[in-house]
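Contents: one structure, followed by commentary.
The values are calculated or read from the model by the stated rules, or taken from the named source; none is laboratory data. None of these values were measured; they are calculated from a predicted model. Positions of Cβ are backbone-derived with ideal geometry, glycine not excepted, and every protein chain shown enters the neighbour counts. Accessible surface areas use protein heavy atoms only, side chains included; no ligands, DNA or RNA. Shrake-Rupley method; radii C 1.70, N 1.55, O 1.52, S 1.80 Å.
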Amino acid sequence: MTPHEPVAPGASPLAGPGTPEKTKLTIGFIALTDCASLVMAHELGLFRKHGLDVTLSRQPSWAAIRDRLSLGELDAAHLLYGMVYGVHLGIGGPRQDMAILMGLNHNGQGIVLSRQLRELGAVDGPSLKKVIARGGRRYTFAQTFPTGTHAMWLYYWLAAAGIHPLRDVNVITVPPPQMVANMRAGNMDGYCVGEPWGGARAIQEGIGFTATTTQAIWRNHPEKVLGTTRAFVERHPNTARAMIRAVLEASRYIDIMANRDRVAGIISAAGYVDAPAGLIAARLRGEYENGLGRKWQDPDCMKFFNDGEVNYPYLSHGMWFLTQQRRWGLLQQDVDYLAVAREVNRIDLYAEVARTMGIAVPQSPLKTERLFDGVVWDPSAPQAYVESFAIRA
Amino acid sequence: MQATCHNHAQASVRAHNLQSYRRMSARVLIIDAHSERTQQLAQTLASAGFEVVGVVEETQDVHDAVRTLRPDAILIDVDSPSRDTLEGLAVIGKRFPRPILMLSESTDTELVHDAARLGISTYAVEGFSPGLLRSLIAVATAHFQRQRLLTDELEEAQQALQDRRVIDKAKYRLVQEMGMTEEAAYHQLRRMAMERGLKLAELARLLLERGATS
C-alpha cells in the first residue's frame with residue numbers, strides 16, 4: 001500500500017477490533033479434490049488479503065491431523081465431518097473439544113465395486129445383496145476413517161439394500177491413495193472414498209466401477225469441513241473469522257464453473273493432491289461415467305459454495321452424523337444430539353462473517369432432508385430416527 | 001506399582017540401563033517403513049524387557065498383522081498412512097490398541113510430544129498399565145534421540161571430510177594453474193572466500209564448478 005492511497009476506516013484487516021489474534025497459521029489437509037477451497041484461498045492470496053500468513057501442510061492420515069490439531073502443531077484443518085464429532089466425543093481415541101467453522105464441500109465421493117463382483121452380477125445395492133446372500137465367501141469393503149463420512153455413506157448404502165455392514169460383510173479402514181492398489185491385489189471387493197481416488201481411477205485401471213455416487217445417496221450431502229479445536233477458536237475468534245472469510249471467497253471462486261479447469265490444474269500439483277489434472281478436472285466439471293457404459297453430466301457434482309448453502313454449518317448435519325455413529329454402535333449411548341451439535345458447529349461465527357459478505361444465512365440451523373431410500377431425516381426427532389432403522393448395531 | 005515404574009523409567013533412561021524392565025512383559029508391535037532403524041528399536045525394546053511380537057512394514061497388511069498378532073501396544077511411524085487402519089481397529093473393541101495422545105499424568109504430555117517430534121506414535125489397549133506405557137514411550141524416545149545424535153555426528157563428520165577434499169582439490173588446481181606454492185594457494189582461497197562472504201568449502205566448490213564448465 002502506498003502512502004497516497006486513502007484508507008477507508010475499518011477496511012484494513014490489520015487494524016481495528018477484527019484484527020486476527022494469531023496471523024501465522026498452519027492448516028492441514030489430505031490429498032483429496034475437496035481440499036480445493038483451502039488450496040485456492042492460499043493460491044489466490046485470499047488468506048493474505050485477510051491478514052493471515054498461512055502454510056498449508058499435507059498430512060499423511062486423518063489420525064495425524066487429529067493428533068497435530070490436539071498438540072497445536074496444526075491450527076486448523078480439512079476434516080471429515082463425522083470425524084470431528086468422533087474426536088469431540090472421544091470415540092475410539094482421545095477426547096478433545098472440537099469446533100467446525102464451516103462446510104467445505106458437498107457431494108463428490110463414490111462407492112466403487114470390483115470387476116469380480118460385477119462378473120458375479122452385482123451392479124447396485126439390491127444385486128450386491130443377492131451375491132452376498134448366495135454365500136461362498138465373505139466380502140470385504142473399505143472406508144477411510146471409522147467415524148468419518150465414507151464409513152457412514154458405505155454403511156448407509158449397504159444397509160439400505162438389506163446388507164448389514166457389521167455382520168454380513170467385513171469392513172476395514174484403508175488410506176485413500178491405497179484403495180486402488182488394495183482392490184487390485186484382491187484384498188477387498190469395494191470401497192467408499194473421495195475423488196480423485198474413487199471411480200475415475202478404478203475405471204481407468206479396469207479394476208472396478210462406480211456403483212453409486214454419494215450425491216445419489218443424499219443429494220447435496222455435507223462432506224468435509226474446516227475445523228479446529230474449541231480452545232483455538234476461543235483464543236483466536238478473529239483469526240477464525242478471517243479464515244472463514246478467505247475460504248468463503250475461495251469457495252465462491254471455485255463454484256464458477258469456468259474456473260474449474262484452472263482449479264484442477266492448481267490442486268493437481270505434487271504438493272497438493274498429486275494426481276493427473278485431467279482426472280480431477282473431469283469430475284469437477286460434472287462429467288461422470290460409471291465404468292458400466294453409462295456416461296452423464298452430473299448437476300450434483302462436487303460443490304464448494306452454492307450461495308453459501310455448502311458452507312453454513314447446519315446443526316442438523318452434525319446431528320445426522322451423530323445419529324449414524326449411534327446407529328452403528330460407535331456411540332454406546334444416546335446423546336443430546338442438538339446440544340452436541342451446538343457445541344461443535346460455530347454457526348454464530350459463520351453467520352456473522354457471511355452476513356458482512358452478503359451471503360445468505362438460513363433462517364433455521366435445522367433442515368429436514370430425504371435420502372435415496374426415501375427415509376426422512378427429521379432433526380426434531382433424532383432418537384426416533386436412529387430407532388427407525390431395522391438394520392443397526 | 002505405578003510410581004515404581006515411573007521412577008524406574010526416568011532412572012533407566014538417564015542411565016541407559018534398560019535391564020530393569022526384564023520382569024515386565026508387554027506384547028509390542030512395530031510398524032515402520034524404515035526396516036533398519038526398526039530392527040534396532042526392536043532390539044532396544046527387547047533388552048528393556050518388552051516382548052516384540054512383530055515388525056511390520058507399512059506396505060504389508062497392517063490390518064491382518066494386528067488381528068493375528070494381538071499386540072498390547074503398537075509403535076508406528078507418525079507419518080505412516082496406515083495409522084488410519086489402526087484407528088479403524090481401535091473402534092471395534094477393547095481388544096485392539098487405541099491411539100495415545102496424553103499420558104494419565106499431565107506432566108508427561110511433553111514426553112508424548114517428544115515422541116511425536118521424533119516420529120513415534122503410540123497405540124495401547126485399554127487397561128495397559130500407565131507406568132508400563134510411560135516406560136515404553138520413554139524407551140522408544142530415548143532410543144531415537146540417541147540414534148538421531150549418532151546420525152547427526154556421522155553426517156557432520158562426513159561433511160567435514162568432503163569439505164576437506166574439495167578445498168584440497170581447489171588448492172591443487174591453483175598450484176597447478178597459477179604456479180603458486182601450496183601455502184600461497186591456501187591463503188588466496190581464504191582471501192577470496194572472505195571477500196565474498198563464503199565459507200572456504202563453498203568457495204572451493206564454486207571455483208571447481210567454474211573450472212569444469214570453462
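Straight-line reach from residue A:295: which lysines have a Cα under 24 Å away, not including same-chain ones fewer than 8 places off?
Answer for residue A:295, where 24 Å is the Cα cut-off: A:303, listed by chain and number.
State, as an integer percentage, the relative contact order of chain A based on alpha-carbon contacts under 8 Å between residues 6 or more apart.
22 percent
What residues have an amide H closer than 5 Å to that of residue A:172, excluding those fewer than 5 places away on the same chain, when H is modeled at 1.01 Å from N in the peptide plane?
Here the answer is A:141, A:142, A:143, since their amide H atoms fall under 5 Å of that of residue A:172.
So what is the relative contact order for segment A:66-171, in percent, with contacts set as C-alpha pairs under 8 Å and at least six apart?
Averaging sequence separation for qualifying contacts and normalising by length gives 23 percent for segment A:66-171.
Return, ordered by residue number, the residues of segment A:21-39 whose backbone nitrogen is under 14 Å from a label point located 7 Å along Cα→Cβ of residue A:298.
A:33-34, by backbone N distance to the label point.
For segment A:109-216, rounded, prolate or oblate, judged on the Cα gyration tensor with a ≥ b ≥ c (square roots of eigenvalues), a/c < 1.5 rounded, else prolate if a/b > b/c?
rounded
Taking only C-alpha pairs under 8 Å that are 6+ residues apart, what is the relative contact order of segment A:287-348 in percent?
Across segment A:287-348, relative contact order equals 27 percent.
With springs only between Cα atoms under 10 Å, which of A:225, A:112, A:169 fluctuates most in a Gaussian network model of chain A?
A:169
Once you put a point 7 Å from the Cα of residue B:154 and another 7 Å from the Cα of residue A:372, both along the Cβ direction, what distance in nm separates them?
5.3 nm
What list of whole percents do you get for P(r) of segment B:153-213, with Cα-Cα distances grouped in 5 Å bins up to the one holding the largest distance?
Pairs per bin, as whole percents: 4, 20, 27, 25, 15, 6, 2, 0.
With charges only on Cβ, +1 for K and R and -1 for D and E, what is the dipole size of chain A about its Cα centre, in debye, rounded to 20?
700 debye
Given the options A:271, A:198, A:86, which has the most mean-square fluctuation in a GNM of chain A, springs set between C-alpha atoms less than 10 angstrom apart?
A:271
For residue B:91, enumerate residues with amide H under 5 Å from its amide H, sequence gap 5+ or separate chain, H modeled in the peptide plane.
none
Show which lysines lie in cross-link reach of residue B:199 when reach means a straight Cα distance below 23 angstrom and same-chain residues fewer than eight apart are skipped.
Leaving aside lysines fewer than 8 places away in the same chain, those within reach of residue B:199 are B:169, B:171.
Long-range amide H contacts for residue A:109: which residues qualify at under 5 Å (H placed 1.01 Å from N, peptide plane, sequence gap of 5 or more or a different chain)?
For residue A:109, the qualifying residues are A:214, A:215.
Note the buried accessible area between B and A here, summed over both chains, with a 1.4 Å probe, in Å² to the nearest 100.
1900 Å²
So how strong a dipole does segment A:109-216 carry about its Cα centre when Lys and Arg Cβ are +1 and Asp and Glu Cβ are -1, to the nearest 20 debye?
Here the size comes out at about 320 debye.
Can you show me the helix-derived [θ] at 222 nm for the protein assembly as shown, built from DSSP H runs with n ≥ 4 at -39,500 (n - 2.57) apiece and divided by the number of residues, rounded to the nearest 500.
Value at 222 nm, helices only: -14000 deg cm²/dmol.
Tell me the chymotrypsin sites (Phe, Trp or Tyr not before Pro) within segment A:261-318 that lie in a loop according to DSSP and have at most 14 other beta-carbon atoms within 10 Å.
Qualifying residues, ordered by number: none.
PRE reach from residue B:47 (point 7 Å along Cα→Cβ): which of segment B:137-170 fall under 17 Å by backbone N?
B:138-151
Please report the antiparallel percentage of the DSSP beta bridges confined to segment A:109-216, to the nearest 5.
Percent antiparallel among DSSP bridges in segment A:109-216 is about 60.
Would you be so kind as to identify which of A:126, A:364, A:105 lies farthest towards the positive end of the dipole of the protein assembly as shown, taking Lys and Arg as +1 and Asp and Glu as -1 on Cβ and the Cα centre as origin?
A:126
Toward the positive end of the charge dipole of the protein assembly as shown, about the Cα centre and with charges on Cβ (Lys, Arg +1; Asp, Glu -1), which of B:120, B:55, A:193 goes farthest?
The listed residue farthest towards the positive side: B:55.
Please state, to two decimals, what the Cα-based radius of gyration of the protein assembly as shown comes to when divided by 2.2 N^0.38 Å (N = residues).
Taking N as the residue count of the protein assembly as shown, the ratio is 1.10.
To the nearest 10 square angstrom, what accessible area does residue B:50 show with a 1.4 Å probe?
Counting only protein heavy atoms, residue B:50 exposes about 10 Å² to solvent.
With +1 on each Lys and Arg Cβ and -1 on each Asp and Glu Cβ, and nothing else charged, work out how big the dipole of segment B:113-212 is about its Cα centre, in Debye to the nearest 20.
200 debye
Angle check, please: helix B:35-47 long axis (alpha carbons) against the longest principal axis of chain B (alpha carbons), in degrees 0 to 90, nearest 10.
50 degrees
Roughly what % of Cα-Cα distances in segment A:152-279 sit above 19 Å, to the whole percent?
When every Cα pair of segment A:152-279 is considered, 65 percent fall beyond 19 Å.
Enumerate by residue number the trypsin sites (Lys or Arg not before Pro) in segment A:80-180 meeting two conditions: DSSP loop (anything except H, G, I, E, B), and at most 15 other Cβ atoms within 10 Å of the site's Cβ.
Within segment A:80-180, the qualifying trypsin sites (Lys or Arg not before Pro) (loop, at most 15 other Cβ atoms within 10 Å) are A:95, A:134, A:137, A:138, A:167.
Considering only C-alpha atoms, what is the centroid distance from segment B:22-73 to segment B:143-214, in Å?
44 Å
Averaged across orientations, what area in nm² does the convex hull of the alpha carbons in chain B project?
Orientation-averaged projected area of the Cα hull: 17.0 nm².
Using the Cα gyration tensor of segment A:216-257, with a ≥ b ≥ c the square roots of its eigenvalues, what is the shape: rounded (a/c below 1.5), prolate (a/b larger than b/c) or oblate (neither)?
oblate
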